[in-house]
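The values are calculated or read from the model by the stated rules, or taken from the named source; none is laboratory data. Predicted, not measured: the structure shown is a model, and the values here were computed from it. Cβ placement follows ideal geometry from the backbone for every residue including glycine, while neighbour counts extend to all protein chains displayed. Only protein heavy atoms, including side chains, enter the accessible area calculation; ligands, DNA and RNA are left aside. Shrake-Rupley method; radii C 1.70, N 1.55, O 1.52, S 1.80 Å.
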Amino acid sequence: MPSWVILILLLLPIAAALSIFALERLRPNFGLAWLIAFLAAVGNWGLLLALGWRNPAPYQLADWLPFQVGLDDRLLLQVDTVSWPLAFGLAALLLAVILTAPVRLSKRSIPIAWASNLFITSMGLIGVLSGNLITLLLVWTLIDIVELIVMLRTVNEPRLNRQVVFAFAGRMSGTIVALAALVVNQDVVSTAAPSAFPQANILLLLAAGLRLGVLPLNLPYLQEIPMRRGVGTLLRMVSAATSVVLLARLTPIEVTAGWGGLLLFGSAVASLYAAAKWASAADELDGRPYWIISSAGLALISVINGNPFNSLAWSMMMILSGGVLFLYSARAKFSIALPLLAAAALSGLPFTPAAFGWPGILDESFTIFDIVPVLTVALLMVGIVRHALTPGDLLKDMQGWIRVAYLLGLFLLVGSAWLVVLLLPGKAFIIGPWPVSVAALLVAIVLVLLRLRWQTFGQWQPRIAWLAGLIRPVAKWLDSIFRLHWLYALFNNFLMVVRRIVNVFSLILEGEGGVLWALVLLALLLTLLLPKGGR
């Protein structure tokens, strides 16, 4: 298959987004705008589904820089066993967002938002299809800048603006660390091979961990910034998907050497903590950052254990199972089956999409430390069920075609997870370590039943009030440590001190003796720069 097919995947959403923008400016038409977005989304999803059987040749653009560098500087895009599942997941999420958009008309689901969804997905597809590290770094930078602009235009409070800047700085630090890894690995040169990623090492693992918020566990947002379900979900998932694709592409050589144990411990703690916060969040949107961190933590554990291919299972679940719940805004009695199917896909039971993820984080010799991923997956399933049972909009009060499109979009997300494991080579559709997955499912069921029956144990609540009073301050203390609020506050205080010093110098130089002080500083600088013989 020719390589230009890859360009269709990228240009089709962009062309549709530009058409919607032009339509809204010249002659607004709500129905036509939705139809354009739907056709572009279903076209991308269908094309990627076809590419699951036959991959096109890699598309590359060489000699695009005006100067020569000693590294692999090609812009390389490819569809293979690593990029296809993530690209297909993003395409399915985009189609589900467009299909469920009419349900959210009362919450300003407008054509401009649909066009933004198309553009964001196109950026995500470029990222997950990146065939070398330099292409991925450029996409990371573009996505970070776009997210920064979108966030700053969304919020108007200075406190939230500061959080947006901190989040941007955290992701950019991951990009800088990955760039350092690219420079250190001088043996990575342009070859005939379609993939050119360095071996897994501490720098690349830290780069992915920083961008995902796992290593170290960091969440600059003290609260989830309110955004539309569609745009907010796609923006979060695109940023995460373009980071976890790096994990799946790393070569499993010397991953566990040296700092491997410390990285494994940090990833396990971050994943379990985020899963607990996800299960106890006020709603699914407030818990969305924790869902991403916990799922990405499981993927990172797989890579540290030397199984980067198995990390795709948890990355895929992050996009598809999480997307079902984040778009589940309208409720009906029978619609609860869709989040339950998403939870079942996450459980890793035999022949479920996450079944091939368990071998990546557990080996044949089960130890006490392996309880952590079991609890993590159980808490993720508990959160899905708990948030799905909360009240929402009434689906029965909406028009018939809206109800059909909404349910079809959610079912498409769940079904796409099974399509991936059926079409993905490499023994993805497997039984897996079923005792572990059954244990995670049983723990989740017990926790859900305890949650549902808690109200009936009213006579016991006064007796354990002392325990709740002990747990709350400890949990608050751990939360303040893990979220790194103290580090952000320290950095903010440092910036305040620097600003005050600059203000003092400004007042001195702007005063009557400003010129004299400037001459004194210039003389002092010249004294330091001149050699000893010339002083």
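Values as computed for the structure displayed
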| read-out | value |
| --- | --- |
| Estimated FRET transfer efficiency when R0 is 30 angstrom, pair L18-I445 (beta carbons, to 0.05) | 0.05 |
| Sorted peptide list for 408-420, 168-180, criterion being average Cβ within 10 angstrom, highest first | 408-420, 168-180 |
| Average accessible area per residue (Å²) across segment 266-307 - probe 1.4 Å, nucleic acids and ligands excluded | 21 |
| Placed amide H near S3: partners under 5 Å, 5+ positions off or other chain | A57 |
| Å² per residue, accessible surface of segment 388-441 at 1.4 Å | 52 |
| Neighbour cut-off at most 12 other Cβ (10 Å), DSSP loop, trypsin sites (Lys or Arg not before Pro), segment 1-102 | R54 |
| Highest-first arrangement of 331-343, 308-320, where packing means the average Cβ count within 10 Å | 308-320, 331-343 |
| Whether segment 318-387 is rounded, prolate or oblate, judged on the alpha carbon gyration tensor where a/c under 1.5 counts as rounded | prolate |
| For segment 435-452, 3J(HN,Hα) per residue [Karplus equation, 6.51 cos²θ - 1.76 cosθ + 1.60, θ = phi - 60°, Hz, x = Gly/Pro] | x, 5, 5, 5, 4, 4, 5, 5, 4, 5, 5, 4, 5, 5, 5, 4, 5, 6 |
| FRET efficiency estimate (nearest 0.05) - Cβ-Cβ, Q399 to F265, R0 60 angstrom | 0.70 |
| Placed amide H near T251: partners under 5 Å, 5+ positions off or other chain | A200 |
